[in-house]
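What follows is a single structure, written as structure tokens, with notes after it.
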Amino acid sequence: MARVIGVDIPNDKRLEISLTYIFGVGRKTALDVCRDLNLDPGMKSRDLNEEQLTNLANHLRKNYSVEGDLRRSLAQAISRLRDIGCYRGLRHRRSLPCRGQRTRTNARTRKGPKKTVAGKKSIKK
């Protein structure tokens with residue numbers, strides 16, 4: 001496996017798909033990088049030589065925020081929202097959806113598995 005910016009990209013996939021394994025690189029960014037570096041997006045990533053790999057890594061570091069820098073900036077943005085106590089920050093703090101989705105049902109991804117609460121005891125006469 002080739003290693004770009006600390007990430008192993010798969011050898012047997014097309015270059016445009018392999019680059020999406022890097023955090024912060026999607027299909028469009030991968031195609032833009034291939035176009036900028038004159039690389040065929042359909043070639044396998046195992047066919048890249050060392051010079052092309054270094055050019056690829058340097059281009060990504062220089063022109064895009066990827067991997068550690070992007071993760072750090074996202075974490076800082078969320079912690080800023082938490083610190084100032086805005087609505088979105090409170091939603092992040094409580095692990096609830098921040099963008100207006102309903103939570104009565106269908107919020108399992110954000111809330112986690114169900115926590116069963118005991119129901120009312122029935123009164124027998």
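The values are calculated or read from the model by the stated rules, or taken from the named source; none is laboratory data. If you're wondering where the values come from, they're calculated on a predicted model, not measured in any experiment. Here the Cβ positions follow ideal geometry from the backbone for every residue, glycine too, while neighbour counts run over all protein chains shown. Accessible surface is based on the protein model in full, side chains and every heavy atom, while ligands, DNA and RNA are left aside. Shrake-Rupley method; radii C 1.70, N 1.55, O 1.52, S 1.80 Å.
Can you tell me which residue within segment 12-56, out of those that are at pLDDT 90 or above and touching a Ser or Thr at 6+ places or on another chain (Cβ under 7 Å), is surrounded by the most Cβ atoms within 10 Å (Cβ to Cβ)?
In this case the residue turns out to be Ser18.
Taking only pairs six or more apart or across chains, which ones have beta-carbon atoms under 7 Å, a first residue in segment 96-113 that is within 18 Å of Ile78 (Cβ to Cβ), and a second residue that is among the basic types (Lys, Arg) and surrounded by 11 or more Cβ atoms within 10 Å (Cβ to Cβ)?
Leu96/Arg110; Leu96/Lys111; Pro97/Arg91; Pro97/Arg110; Cys98/Arg88; Cys98/Arg91
Quick check on my filter: what residues within segment 12-49 are in a loop (DSSP other than H, G, I, E, B), hydrophobic (A, V, I, L, M, F, W, C) and out of contact with any helix residue (DSSP H, G or I) (no Cβ under 7 Å at 6 or more places or on another chain)?
Correct list: Leu48 only.
Output the residues belonging to segment 72-98 that are touching an Asp or Glu at 6+ places or on another chain (Cβ under 8 Å) and either among the aliphatic types (A, V, I, L, M) or open to solvent by 50 Å² or more (accessible area, probe 1.4 Å) (or both).
If the condition is that a residue be touching an Asp or Glu at 6+ places or on another chain (Cβ under 8 Å) and either among the aliphatic types (A, V, I, L, M) or open to solvent by 50 Å² or more (accessible area, probe 1.4 Å) (or both), then no residue fits.
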